[in-house]
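Notes for the one structure printed next.
The values are calculated or read from the model by the stated rules, or taken from the named source; none is laboratory data. The structure presented is a predicted model; accordingly, all values stated were derived computationally and were not measured. When we count neighbours, we look across all protein chains shown, and the Cβ atoms used for this are built from the backbone with ideal geometry, even at glycine.
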Amino acid sequence: MRGFYIAACLLAAQAAVAAPLRICAEDQWPPFAFVQDGKPAGASIDLVLAAFKAVGVPVNVESGSYVRCMQLVREGRFDALIDVAQNDERRPQLLWPRQPMLLLELHLVGNKPRGNDSAGFERMQSRRVGITRGYEYPNRMLTQPGIQLVESPSELGNFRHLALGDLDFMLLSRGTLATLLSQLTVSERQHIHDWGAIDTLPLYLAFGPGKPEHQQAADAFDRGMQQLRKSGDDQRILDKWKAVP
């Protein structure tokens with residue numbers, strides 16, 4: 001009887017290890033993470049699936065708003081969230097792999113040219129800067145003197161306000177800028193000025209805190225991403241989706 005009990009415990013432990021990780025992904029950031037034909041899709045999702053497949057870890061990915069996904073991960077109802085950036089506020093809230101899954105090239109985007117000075121975070125001082133609700137932004141931006149942060153539930157909404165002159169600046173990745181420009185009218189695009197790259201921002205698969213198995217999963221993800229980069233499969237996934245970080 002005792003031997004049966006031990007065997008049952010071992011089987012239960014194996015089942016727990018084999019249970020798929022529950023991962024949440026944003027549903028409105030094409031081509032990296034969005035919903036296509038009712039299912040999660042995009043370059044970031046394929047990167048996560050491929051990395052875990054390379055190390056034999058089963059996962060399930062579901063989609064939702066970024067704010068909702070973050071809440072569910074921090075509550076422990078999901079294991080991890082795709083495409084999360086670190087800053088002083090977010091860093092202690094989650095568990096992080098050693099290496100990012102993406103490295104974004106951040107551009108300073110304005111309503112119109114303002115002088116001939118070089119671009120930099122200091123341009124945001126005492127200016128109206130559009131941000132997206134729930135997203136993380138670099139500390140160098142958030143600590144600019146007098147910066148006026150204007151929050152919106154969507155980047156496209158703020159981008160249209162930027163074109164109208166209701167905002168002075170936004171900080172956008174190179175790929176997101178191109179995607180948003182394609183959604184404006186010709187007349188709206190004439191009011192948008194790209195000052196160029198001023199920083200980079202790593203994005204991670206971030207895990208909820210307080211569970212020892214999450215550290216194991218983060219380590220496994222690191223190993224999987226190393227394999228993808230060694231084989232070149234990470235770039236092939238980005239190319240497939242025409243995804244520009």
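Odds and ends about this structure:
- Restricting region 72-122 to residues that are assigned to a loop (DSSP other than H, G, I, E, B) and aliphatic (A, V, I, L, M), the residue that is surrounded by the most Cβ atoms within 10 Å (Cβ to Cβ): Met101
- Look at region 18-37: where a residue is farther than 16 Å from Val59 by Cβ and a partner is part of a strand (DSSP E or B) and among the hydroxyl-bearing types (Ser, Thr, Tyr), sitting 6+ places away or on another chain with Cβ atoms under 6 Å, you get Asp27/Ser63; Val35/Ser63.
- Boolean, Glu89 is of a type in the set (Asp, Glu) and at pLDDT below 95: yes
- Listed by position, the helices (runs of 4 or more DSSP H) enclosed by region 151-245 that each have at least 1 residues that are assigned by TED's automatic domain parsing to the domain that holds Ala54 and modelled with pLDDT of 95 or more are 212-231, 233-241.
- Asp88 falls short on exactly one of the conditions (1) closer than 27 Å to Ala51 by Cα; (2) out of contact with any strand residue (DSSP E or B) (no Cβ under 7 Å at 6 or more places or on another chain), and that condition is (1).
- Options Leu72, Leu108, Leu103; residue that is of a type in the set (A, V, I, L, M) and either under 25 Å from Arg160 (Cβ atoms) or in contact with a helix residue (DSSP H, G or I) (Cβ under 8 Å, 6 or more places away or on another chain) (or both): Leu108
- Exactly one residue out of Pro138, Pro97 is in the same structural domain as Gln226 (by TED's automatic domain parsing), within 30 Å of Gly224 (Cα to Cα) and under 18 Å from the mean Cα position of the chain (by Cα): that is Pro97.
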